[in-house]
Structures are given as C-alpha cells and as structure tokens.
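Student: Handing you this structure, nothing more for now.
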Amino acid sequence: MMKIFKYLLLHTILLLTVVSSHGQQKPVLSQYMFSGLVLNPAYAGRHEYTSFTAMYRDQWVNIPGAPKLTTLIAQSGFKDRRIGTGLMISEDRIGVHSNLAIYGSYAYFIKFRDGGKFIMGLQGGIDILRSDWSKLNILDQNDPVFNGSEVNYFPNFGAGVFYNNDHFYIGLSVPYILTSRKVKTDDYFRDVRHSRNYYLTGGIIFDLGMKVKLKPSMLVRMEENMPLAVDLNANLYYDELLDIGFSYRQGDSVIGILGLQINKYLKFSYAYDYIISSLTSYSKGSHELMLQYRINFSAPKHHRMCPEPQYF
C-alpha cells in the first residue's frame, strides 16, 4: 500500500512540475536594473553606445534541480538615428527542463528639448523548451509518460514604453504577450496556458555630494490571477567606481549587490539573495553574477570608452 501511495505521489509531483514548467514565468534577475532589456524591449539601444552583458543566476543553492539561468544581451544605440536594437539569448534550466529563449528587440525614441526621451519598443522571438525525461528516477521505468525526451517551440512577442531624463526614469512593458501554448505529448499536458506578465519600473537619482549618488528604484510585477509583487531597491554609487545596492523582494528575499567598475569599458557585479520565505529551511540563498562591457563605436578609435556610470 505504501509503495502505491509513493508511486501516485511521485506522479502527482512530476505532473505539477511539467505543467508549471510549460507554463513557467520568466525568472526575474536581481540585477535587472543594470540591464533593463531583460524586462522591457523599449530599453534597447537607450544609450548611444554598444553594450554586451553576461549574467548567471544560481537560484536556491543546495536544492536539487533548482533553477539556473544564463543570459547574454547585446544592444546598441546610434548617435544620429532615433532607433536602438537589441538581442537577448537566455537559457533557464530547472529539473529535467531547459528553456532556450532567443529574442530580438527594436526601439524608436522621441527626444524632448529638456533632454528627456520617450521610447517605444517591440520584441519578438522564440522559446525552445527541451524536456529530458530519462533524467528522472521513477519507479516504473517503462512508464510511457516519463520516457525519452521532447522539444517544443513557442514563438512570442512583446512591447514596452520607457521615459527618462538625466535624473528620472519610468517604464511599462508586456514582454511576452501570447498566452496560448500547445505541447506535443500526452493528453494530460496538451493544453497549457502561459500567464501574461506586466512590469512597471521606475527610479530617480539624487546627488548627495562628495562623489556619492543615491538611486532608489522599484519594480512592480503584475501577473494574471496572482497577487501583486513588488521589488524595492536602493543603490549607492561612489566616484563612478563602486556601487552598493540593497533590495527587498516582497515575501521572498532580501538582496545585497556589490558592483565594481573595473575600467572605462568593463563592469563586474555580484548579488546575493537571502531567502526569507519558507524555502529558507532548504536553501541559504541565490547567487548572481554579471559582467558588462560597454564601448562607443561612433567615437574616434582612441576615445571609445564609456566613462559615465550607467545609472539606468
């Protein structure tokens, strides 16, 4: 009887895992404020230079099968044109599932006399979801539901708007609009709905003197049939060299961020999420690394560095 119970329990857990993974939401990086393209396609090419960003997130350390996210972002603005372009490639691994997402972005902006910019952005691309059932340790090795592997393709598109001036920014985006998804496996998993997410971001810069600047910011995440989620952030910048950040993710974690401008081109940043939810009994937290390279190709060859810090 106990064997049967364990068998049914295992299948129930796996079923929930499959459904949630096919309908899983895009993970939110703790350092999204340093590369806004992960949330809003209108951020593409916001600056008149080119940047390359690599990010790696190891979530819920010590929990087997926990998410691991790798993200590569390239974006570029153009000095004499009102457009920006971007490319984002990410791979999100969780359990037996691996989701490869490839999205291109295009943005058009309007300049105001006070130096402000209003930007409209679109993105489009595809998610490639691979599920390798052979990695599962199940009781019935001949179970056809959890045997072999499969690949599913989900095209999608999104849009966003963004406004900023020298001291303030606000953005609103729906990066993944399509919600209907079909999978090509057993009838139990045939129809899965992907909830639509809305992101509202905003922040402001205060000059505190003594080469110190303070940037409080926020992220509001709205998802269909889910409660509102809020991230509150504060970043301190010193002398265009060092920045320290603290974030509170509602009901989930407290986050510390340390960034170092290595030279005029290269920045490194590290974030640690200390879990305050019920998962704290199983994992001590999450680690996130970021490396960003910025260069101004439109400048003369020997003056292509980007000395100003990227506040937003």
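Where a number appears in this text, it was derived from the coordinates with a stated rule and is not lab data. Just so you know, these numbers come straight off a predicted model, no measurement behind them. When we count neighbours, we look across all protein chains shown, and the Cβ atoms used for this are built from the backbone with ideal geometry, even at glycine.
Student: Net charge around Asp207, counting only other residues with Cβ within less than 12 Å of its Cβ (Lys, Arg = +1; Asp, Glu = -1)?
Tutor: On the way: positive: Lys211, Lys213, Lys215; negative: Asp166.
With Lys, Arg at +1 and Asp, Glu at -1, the neighbours total +2.
Student: Ok, one more. What ranking of Met55, Met120 emerges when the number of other C-beta atoms within 10 Å of each C-beta is taken as an exposure proxy, fewest first? Kindly include the intermediate steps, with their values, before the conclusion.
Tutor: On the way: Met55 24, Met120 15.
Lowest to highest Cβ neighbour count: Met120, Met55.
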